[in-house]
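Student: Have a look at this one.
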Amino acid sequence: MKVLVVEDDRKIKIETIDDCLESPGHVSDWAQNQQEANGLLVANNYDLILLDLQIPSRPGGKDSPEFGKNLLKQIRARKGRDVPVILMTAQYQHCVDLMIELQDIGIDGSIAKPFPTSGRTLAVVIEEVMEKHRRFRRAAKAKDQTESLTTFAGGVLAYHPRRIELCGETIAEKSRRGYAWQILHVLRETNDKGKYIHLGSQRLAPKLDPKPMQNTLIRSICSLRSRIRKLMRNHLGQDCGQEDIIGNDDHGYYLLDWLITEVYDEAGTLVGGGNGVAKSAHAKQGGEPAQQFSEKQRWVLAQLASEVNLTRRDVETEFHISERTAKRVLGELSGAGMIEFDRSESPGFYRLK
């Protein structure tokens, strides 16, 4: 850790502060006045600043608490809250009088001089402030990530022979231990109305092999939900809630209606789907689903209306997109019941349904 020490008392710097910093292996620069401190701040980055409140504004000048306060303002103007500041003062009562103003400017901790030799020593204050700053940075990073996320609004749940993908990201694999693979396969079943089935834990457990205890099944679903949420946040930048994929109500566990299920064979050819209905976020909350097709999907429909035998590769070439994106474009149309895959000829093609 690199520390800037702003202290005009050479004895305190050498005999006390240096010992405190050098023991854990920290390195430090030393400024004896406001002018020197500003010069070092321009040229360097620091992890911590130890700031004596009563310092001179320039070499040979008279010291004053106002100069320490002004330097604190300059630190915050230049560095923001990226670097923590610990205030040191021999005039602690005067510091108390200024505390509200200093806290508004931005101090992260304070200690009176002479420094205590036991209890809340300088080393203890430094550790407290650095831990608080680490928590602050973690919270700020989490907030930034959350604010940059888009809200998950449904997508394609694609079942391949050895993996299951959500919006192109693998969320379960046949070879992995646990029940995620089996749970997702059971829950993609639909009733006679084309809706995903609801299964309570007592009805779901017997469909899994080996049959899990109820607590094991609940933990498996919680683990799967968490894994999906993490993948969606970290890989796709989408905020996916714990029950945005697998919901749970009085009738049991179920897949959300805004998911389109697709089934692919070993060659990556679409061979079937699930409920065939994808609902928007509005529909999830009780509204009616809206048929809204993208430019690529409108082009596909126009080509098929002209009786063109269209393949996935044709879509990739036309729009210069990846195989995964082309599958999603076609899969959403297939799930909406607009097109189907004809395997009567090799390698097969899409047509209007």
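Student: Among the residues of the range 164-173, is there at least one that is modelled with pLDDT of 90 or more, in contact with a strand residue (DSSP E or B) (Cβ under 7 Å, 6 or more places away or on another chain) and within 20 Å of Asp250 (Cα to Cα)?
Tutor: No, every residue in the range 164-173 fails to be modelled with pLDDT of 90 or more, in contact with a strand residue (DSSP E or B) (Cβ under 7 Å, 6 or more places away or on another chain) and within 20 Å of Asp250 (Cα to Cα).
Student: Report every pair of residues separated by at least 6 positions or lying on different chains whose Cβ atoms are under 7 Å apart, first residue within the range 221-250 and among the basic types (Lys, Arg), second at pLDDT below 90 and not in a loop (DSSP other than H, G, I, E, B).
Tutor: The qualifying pairs are Arg233/Asp239.
Student: Let me ask you something else. Please indicate, with yes or no, whether at least one residue in the range 53-67 is among the hydrophobic types (A, V, I, L, M, F, W, C), part of a helix (DSSP H, G or I) and more than 33 Å from the chain's Cα centre (by Cα).
Tutor: Residues of the range 53-67 among the hydrophobic types (A, V, I, L, M, F, W, C): 53, 55, 67.
Keeping just the survivors that are part of a helix (DSSP H, G or I) gives 67.
Pick out the ones that are also more than 33 Å from the chain's Cα centre (by Cα) and you get 67.
Yes - at least one qualifying residue is present in the range 53-67.
Student: Continuing with this model, one more query. Keeping to the range 195-215, report how many residues are exposed (fewer than 12 other Cβ atoms within 10 Å of the Cβ) and outside any helix (DSSP H, G or I). Working first, answer last.
Tutor: Looking only at the range 195-215, we keep the residues that are exposed (fewer than 12 other Cβ atoms within 10 Å of the Cβ), and these are 202, 206, 209-211, 213, 215.
After this cut, where a residue has to be outside any helix (DSSP H, G or I) as well, the list is 209-211, 213.
Selection size over the range 195-215: 4.
Student: Under the condition of being among the basic types (Lys, Arg) and modelled with pLDDT under 75, which residue from the range 265-314 is farthest from Gly155 (Cα to Cα)?
Tutor: Let us first name the residues in the range 265-314 that are among the basic types (Lys, Arg), namely 279, 284, 296, 298, 312-313.
Still in the running and modelled with pLDDT under 75: 279, 284.
Details: Lys279: 9, Lys284: 12 Å.
Of everything passing the filter in the range 265-314, Lys284 is farthest from Gly155 (Cα to Cα).
Student: Taking into account only those residues within the range 216-233 that are among the β-branched types (Val, Ile, Thr) and surrounded by 17 or more Cβ atoms within 10 Å (Cβ to Cβ), which is nearest to Ile164 (Cα to Cα)? Break it down into steps so the answer makes sense when it comes.
Tutor: First pass over the range 216-233, keeping only residues among the β-branched types (Val, Ile, Thr): 216, 218, 221, 228.
Imposing the further condition that a residue be surrounded by 17 or more Cβ atoms within 10 Å (Cβ to Cβ) reduces the set to 221, 228.
Numbers: Ile221: 15, Ile228: 11 Å.
Restricting to residues being among the β-branched types (Val, Ile, Thr) and surrounded by 17 or more Cβ atoms within 10 Å (Cβ to Cβ), the top hit is Ile228.
Student: Follow-up question, since we're still on this one. Just checking, which of Ala37, Ala90 is over 33 Å from the mean Cα position of the chain (by Cα) and modelled with pLDDT of 95 or more?
Tutor: Numbers: Ala90 fails: modelled with pLDDT of 95 or more.
The unique qualifying residue is Ala37.
Student: If you take the residues in the range 114-135 that are among the basic types (Lys, Arg) and over 20 Å from Ile75 (Cβ atoms), which one is surrounded by the most Cβ atoms within 10 Å (Cβ to Cβ)? Give the derivation first.
Tutor: The initial filter retains those residues of the range 114-135 that are among the basic types (Lys, Arg), namely 120, 132, 134-135.
This time we only want the ones that are over 20 Å from Ile75 (Cβ atoms), so: 120, 135.
On the way: Arg120: 13, Arg135: 10.
Looking at the filtered set, the residue picked out is Arg120.
The values are calculated or read from the model by the stated rules, or taken from the named source; none is laboratory data. As the structure is a prediction and not an experimental result, all values here were calculated from the model. Because the Cβ atoms are built from the backbone with ideal geometry, glycine has one as well, and the counts that use them run over all protein chains shown.
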